[in-house]
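Comments concern the structure below.
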Amino acid sequence: RVKLRLRGEGAHHHHQYNPSVRLNLQKDKSIDLMSHINLTKPEDAYQISNYYNDLLADKINLINAKTKMVNLIINKVPFGIYHMHHRKDENLLRANNRLPGPIFILNHKVNENWSINSFEIKGEQKIFDNKKLLSNLIEQISITDNNKIKDIWKITHKDKFAKFFALMNLIGNVNVDNSHNFVLYFDPSTGKFEP
């Protein structure tokens with residue numbers, strides 16, 4: 001027995017016959033370290049693009065949803081192949097064997113500069129002053145002085161960002177950009193942000 005609701009903001013997620021859904025499991029239950037499970041209808045004809053993105057991210061040691069292909073059946077009604085993946089919260093960190101830390105999820109209007117209010121904060125919210133961390137990052141990103149721009153690498157994981165942007169370009173990802181679905185994790189062990 002689970003609670004089920006629709007999820008996602010785009011029209012793709014609200015397809016009449018194959019909507020994306022979120023399952024909320026009972027508190028003492030979980031599946032693959034997930035108490036909230038996202039089930040998303042594949043966006044591509046081959047039904048593998050998003051799955052393969054996560055598979056490649058895993059191979060280069062980037063935090064990623066541990067996506068599985070599943071056959072979705074609700075109340076004995078088959079809905080076809082779906083991607084089962086983590087919600088962007090502490091379950092995602094657990095599945096990636098990462099320390100608890102804050103997760104910053106960007107979803108804001110296109111062509112606007114980032115602000116603290118551009119992000120939803122999930123994960124660990126008691127250890128750090130998360131708004132201060134985010135404010136510092138936004139301030140560093142906004143610097144145009146070439147002599148100071150290298151300071152961004154003091155608070156961001158250079159190698160992981162290089163891998164992330166290389167992967168996004170390689171796979172032609174259009175689902176993550178500078179206005180939505182961009183997720184940052186602050187790693188307490190390094191004191192740095194990573195994608």
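The values are calculated or read from the model by the stated rules, or taken from the named source; none is laboratory data. These numbers come from a predicted model, not from an experiment. We place every Cβ from the backbone using ideal geometry, glycine too, and count neighbours over all the protein chains shown. Ligands, DNA and RNA are stripped out before the accessible areas are found, and what is left, the full protein with its side chains, is counted by its heavy atoms. Shrake-Rupley method; radii C 1.70, N 1.55, O 1.52, S 1.80 Å.
Observations
- In a simple Cβ point-charge model (Lys, Arg +1; Asp, Glu -1; nothing else charged), the chain has a dipole of about 640 debye relative to its Cα centre.
- Angle in degrees between helix 49-59 and the longest Cα principal axis of the chain, rounded to the nearest 10: 50 degrees
- Of every Cα-Cα pair in the range 81-133, the percent that sits beyond 19 Å: 40 percent
- Hits among aspartates and glutamates - C-alpha to C-alpha of Lys154 under 15 Å, sequence gap 8 or more where chains match: Glu139, Asp187, Glu194
- Structure-derived mean projected area of the Cα convex hull in nm²: which label, when the choices are (i) 18.9; (ii) 15.4; (iii) 12.2: (iii)
- Largest to smallest in accessible area, the residues Met34, Met168 fall in the order Met168, Met34 (1.4 Å probe, all protein chains included).
- Dipole of the range 96-195 computed with +1 at Lys/Arg Cβ and -1 at Asp/Glu Cβ about the Cα centre; of Pro188, Ile143, Ile103, farthest Cα towards the positive end is Pro188.
- Listed by chain and number, the aspartates and glutamates placed with their C-alpha closer than 20 angstrom to that of Lys3 are Asp28, Asp32, Asp89, Glu90; residues fewer than eight positions away on the same chain are left out.
- Relative intensity of the range 30-91 on a log10 scale, I(q)/I(0) at q = 0.26 Å⁻¹, equals -1.17, per a Debye sum over C-alpha point scatterers of equal strength in the absence of solvent.
- Lysine pairs with alpha-carbon atoms under 23 Å apart, the range 66-115, spacing 8 or more or separate chains: 4
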